[in-house]
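FYI, it's all coordinate maths here, none of it is from the lab. Because the structure is predicted, anything quoted here is derived from the model rather than measured. Ideal geometry is used to build each Cβ from the backbone, glycine not excepted, and the neighbour counts take in all protein chains shown.
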Amino acid sequence: MNPNLKLVILDRDGTINEDHDYYVKSADEWVPLPGALEAIARLNHAGWHTVVASNQSGIGRGLFDMASLNAMHAKMNRLLLQLGGRIDAVFFCPHAPDEGCDCRKPLPGLLQQIGERYGVDLAQVPMVGDSLRDMQAAVAAGCQPHFVASGKHRGDDVLAVARLLEGVPGVRVHADLAAFAEALIQSERAARSAAGRSQPGSGHLE
Ligand SMILES: [Mg+2]
Ligand SMILES: [Zn+2]
């Protein structure tokens, strides 16, 4: 439990890896998006812990099993390790939509589980995803919503994205996970130097 833990929650399909209309069902079908794993490693190097929150109804629908899901995540972490990055944990909803669970996004259950597990205030936690339901889950859980146009809405024009997200208060839009990482690191840097300026005599070298 560490209320000061720097934590980022990431959707998986369409945010870290290529999404498919027919589900990502195996490690072979799990293909990272360009620059996404590098972005995670960059966040990790800047002190951010990264966890995944993913709907995996393919389990509940019987399209793939836990062994396949574990193999996908082993591949993800193996590729990340080569870049010096890691996903600390994968939280997933295995339920089909008709099972009436409380963890399937857009419901906030999965994100709340993460908040409880890590003992963090979700208001301080960015949640990144490529679909409206990710953003709805983020808002419902009190996370900071960050939309990436790298998955379901890749290629949509600015107006279409604005329309999609018009009911999501405070949402920020990024091209992809690399752009999100850049923005987060820059805003943290700006906040730190603003704090430094307001404390005369506490100058620092960087
Ligand atoms: Mg997604
Ligand atoms: Zn669920």
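Summary of values
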quantity	calculated
For the chain, Cys with no neighbouring Cys Cβ under 4.7 Å	Cys101, Cys143
Rounded if a/c under 1.5, otherwise prolate or oblate - region 104-195, Cα gyration tensor axes	oblate
Anisotropy class of the chain from Cα gyration tensor, a/c 1.5 cut	prolate
Antiparallel DSSP beta bridges within the chain, percent to nearest 5	5 percent
Phi to ³J(HN,Hα) by Karplus 6.51 cos²θ - 1.76 cosθ + 1.60 over region 6-21, Hz, x for Gly, Pro	8, 10, 10, 9, 10, 5, 9, 5, x, 10, 9, 10, 4, 8, 10, 5
Extension gain (nm, one decimal) between Glu99 and Ser198, 0.36 nm per residue minus Cα-Cα	30.4 nm
Folded to 0 to 90 degrees: helix 66-81 orientation relative to the chain principal axis, Cα	30 degrees
GNM result for the chain, Cα springs below 10 Å: residue of Ser150, Ser193, Ser68 fluctuating most strongly	Ser193
Separation of alpha-carbon centers, region 182-197 and region 1-19, rounded to whole Å	20 Å
Cα shape, region 1-122, gyration tensor, a/c 1.5 rule	oblate
Region 42-50 - phi-based ³J(HN,Hα) in whole Hz, Karplus 6.51/-1.76/1.60, Gly and Pro as x	5, 4, 4, 5, 8, x, 8, 8, 10
Cα long-axis angle, helix 132-141 against the chain (0 to 90 degrees, to the nearest 10)	60 degrees
Computed E for Asp28/Arg133 - FRET, C-beta separation, R0 25 angstrom, nearest 0.05	0.40
Residue of Ala141, Ala67, Ala36 that the Gaussian network model of the chain assigns the largest fluctuation, springs spanning Cα pairs under 10 Å	Ala67
Positive dipole terminus of the chain, leading residue within Ser198, His146, Ala39 (C-beta point charges)	Ser198
Relative contact order [Cα under 8 Å, 6+ residues apart], region 21-167, whole percent	19 percent
